[in-house]
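Participant: The structure is given below, and queries will be raised subsequently.
The values are calculated or read from the model by the stated rules, or taken from the named source; none is laboratory data. Here the structure is a predicted model, which means the values were calculated and not measured. Using ideal geometry, Cβ is built from the backbone for each residue, glycine included, and neighbour counts are taken over all protein chains shown. The protein model used for the area step is the full one, side chains on, heavy atoms only, and it has no ligands, DNA or RNA in it. Shrake-Rupley method; radii C 1.70, N 1.55, O 1.52, S 1.80 Å.
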Amino acid sequence: QLSTSQPSPERVPSPEEQEWAGPEALCPSWLEDEAPDGEVPGHSGDPECATHAYERLQSALCQEGLPPTLDCSAEPRTGFGPLDMTVCILGCPTPFLPVLLEGGTRCPGAMVLCLSPTWASRVPSETSPGAWSLLLSRGVSFKMGGHSALETFVPPRRANYVTGTFAPGDPEGGWVGELARDLDCPTGGSVPLAHRLEDTLVARWVLAAGANLPVPPTLAFVLGTRGDLPAEPVAPGVRLVRLEDPQGQQSLVQEEVGAFLGAAAMEPYGQVGTGGVRGVGGTGGRRGAWRGTGVH
């Protein structure tokens, strides 16, 4: 092996369940130029993005045969203190729907989904100097039986744990990463961590060099220095070739590929050809690595 970088039947809701919060009820003030306190996220809270996220949530609930979200925002919920549990999910609801549903069963009301940066604010932490607290003024909370409700919180509800869609390239990734940065509560990830985890070359380097775990034979061509890939320690099974001028080093690339494919370590992987390897021009990608079937 080489390195490479049934929904449930639809249920008809009851008349009571049909009184759900449509997109127009998501946030009456979201068209205002509202920005979180502290450091302002790069994503200003596009209402259209939040509407699409809300519609995805309703579609996912419908596919699972669960009732649609009820609009309870007209009567703000009060009485939340610093000791009340609030698990906040930022961004796209789809990847976290099982977590939201299970959390709503085990701790009704504690799971809160935030679909827009205008629903949250960052304030200086009272307990951790230099950190920030995340306060939720609006969110979709989950309860037993898959029930959910769009709610407003007065005063804003403090998050005790935060996670979300940190994946690079995700439409919500910008504001999610900014809201979750430097918080005074545990977080389930970060944008830099997501970048590192999705980088196959870095992941294999860490496993081989740092944890001494076996990885598939890997040949990688990178441009420049790439400080996240140090020369030492050597990563067993990972061959790293640094290119200064890929257009002038084609012979070196061909020699390295030939030696890699003919090495004894490749014998267990069966027939391998170079037809799946892309041209050297591929080194200009985000990771600065030459990609292809079998060769990075």
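Participant: Among the numbered criteria (1) under 17 Å from V112 (Cβ atoms); (2) open to solvent by 30 Å² or more (accessible area, probe 1.4 Å); (3) at pLDDT below 90, which one does L26 miss?
Facilitator: The one condition L26 does not meet is (2).
Participant: Additional query: Suppose the filter is among the polar types (S, T, N, Q), more than 23 Å from L197 (Cβ to Cβ), at pLDDT below 75 and more than 30 Å from the chain's Cα centre (by Cα); does Q271 pass it? Before you say what the answer is, go through the steps one by one.
Facilitator: On the way: among the polar types (S, T, N, Q): yes; more than 23 Å from L197 (Cβ to Cβ): yes; at pLDDT below 75: yes; more than 30 Å from the chain's Cα centre (by Cα): yes.
Answer is yes for this residue.
Participant: Among G109, G79, which is at pLDDT below 95, small (G, A, S) and over 27 Å from A167 (Cα atoms)?
Facilitator: Numbers: G109 fails: over 27 Å from A167 (Cα atoms).
So the residue among G109, G79 that is at pLDDT below 95, small (G, A, S) and over 27 Å from A167 (Cα atoms) is G79.
Participant: Name the one entry in L252, L223 that is modelled with pLDDT of 80 or more, open to solvent by 50 Å² or more (accessible area, probe 1.4 Å) and touching a Lys or Arg at 6+ places or on another chain (Cβ under 8 Å). Spell out the reasoning first.
Facilitator: On the way: L252 fails: touching a Lys or Arg at 6+ places or on another chain (Cβ under 8 Å).
Only one candidate passes the filter, namely L223.
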